[in-house]
1. List every residue pair whose Cβ atoms sit under 9 Å apart, with the two residues 6 or more apart in sequence or on different chains, where the first one lies in region 8-28 and is farther than 15 Å from residue 81 by Cα and the second, anywhere, is in a helix (DSSP H, G or I) and charged (D, E, K, R).
2. Just one of the numbered conditions (1) surrounded by 12 or more Cβ atoms within 10 Å (Cβ to Cβ); (2) outside any helix (DSSP H, G or I); (3) free of Cβ contacts under 8 Å to residues at least 40 places away in the same chain is not true of residue 41; which one?
3. Those residues that are hydroxyl-bearing (Ser, Thr, Tyr) and in a loop (DSSP other than H, G, I, E, B), I need them from region 44-66; list them, please.
4. Kindly evaluate residue 15 against the criterion of being open to solvent by 70 Å² or more (accessible area, probe 1.4 Å) and at pLDDT below 95.
5. Based on what the data block shows, is residue 36 part of a helix (DSSP H, G or I), under 13 Å from residue 84 (Cβ atoms), touching a residue at least 40 places away in the same chain (Cβ under 8 Å) and not polar (S, T, N, Q)?
6. May I ask you to list the residues in region 44-93 that are among the polar types (S, T, N, Q) and surrounded by 14 or more Cβ atoms within 10 Å (Cβ to Cβ)?
7. Let me confirm something: among 23, 81, 87, which residue is modelled with pLDDT under 95, assigned to a helix (DSSP H, G or I) and small (Gly, Ala, Ser)?
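The values are calculated or read from the model by the stated rules, or taken from the named source; none is laboratory data. Remember, it's a predicted structure, so these values are computed and weren't measured experimentally. Glycine also receives a Cβ, built like all others from the backbone with ideal geometry; neighbour counts cover every protein chain displayed. Accessible surface areas use protein heavy atoms only, side chains included; no ligands, DNA or RNA. Shrake-Rupley method; radii C 1.70, N 1.55, O 1.52, S 1.80 Å.
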Amino acid sequence: MIRKLKTKFPAYYKKYMYFIGVAGHSLFIFQALKVLATRTTQGVSLTGFIISLLSVVSWFFYGLMQKDRVLTIISLVGSVAASICVAVIMMVQ
């Protein structure tokens, strides 16, 4: 039983990481939608979001170098979402 669980765990964890990664990076989109809806960037740090964008882009390239498919895909989603968020903040400011 334990042996069977050990062999299935990596596959389950990989699916979990896809879900958590995409869900976590979708917060960028929610922030962008809030800024668009309210037409204000009050309380939103452009610098913080730019740093976050640099972080996820760096993880994307690291995933490519390591040939880690999960990390690459999740970081690509995050990079796109963070780019959209930064663009919306800059547009509204």
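1. Hits for this filter: 14/69.
2. Checking residue 41 against (1) surrounded by 12 or more Cβ atoms within 10 Å (Cβ to Cβ); (2) outside any helix (DSSP H, G or I); (3) free of Cβ contacts under 8 Å to residues at least 40 places away in the same chain, the one that fails is (3).
3. 45 - this is the single residue of region 44-66 that is hydroxyl-bearing (Ser, Thr, Tyr) and in a loop (DSSP other than H, G, I, E, B).
4. yes
5. yes
6. The initial filter retains those residues of region 44-93 that are among the polar types (S, T, N, Q), namely 45, 47, 52, 55, 58, 66, 72, 75, 79, 83, 93.
Listed by number, the residues that qualify are 52, 55, 72, 75, 79, 83.
7. On the way: 81 fails: modelled with pLDDT under 95; 87 fails: modelled with pLDDT under 95.
Residue meeting the stated conditions: 23.
To keep it simple, each residue is scored yes or no on (1) farther than 22 Å from residue 93 by Cα; (2) touching a helix residue (DSSP H, G or I) at 6+ places or on another chain (Cβ under 8 Å); (3) among the acidic types (Asp, Glu).
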position: 17; (1), (2), (3): yes, yes, no
position: 29; (1), (2), (3): no, yes, no
position: 35; (1), (2), (3): no, yes, no
position: 48; (1), (2), (3): no, no, no
position: 52; (1), (2), (3): no, yes, no
position: 56; (1), (2), (3): yes, yes, no
position: 65; (1), (2), (3): yes, no, no
position: 76; (1), (2), (3): yes, yes, no
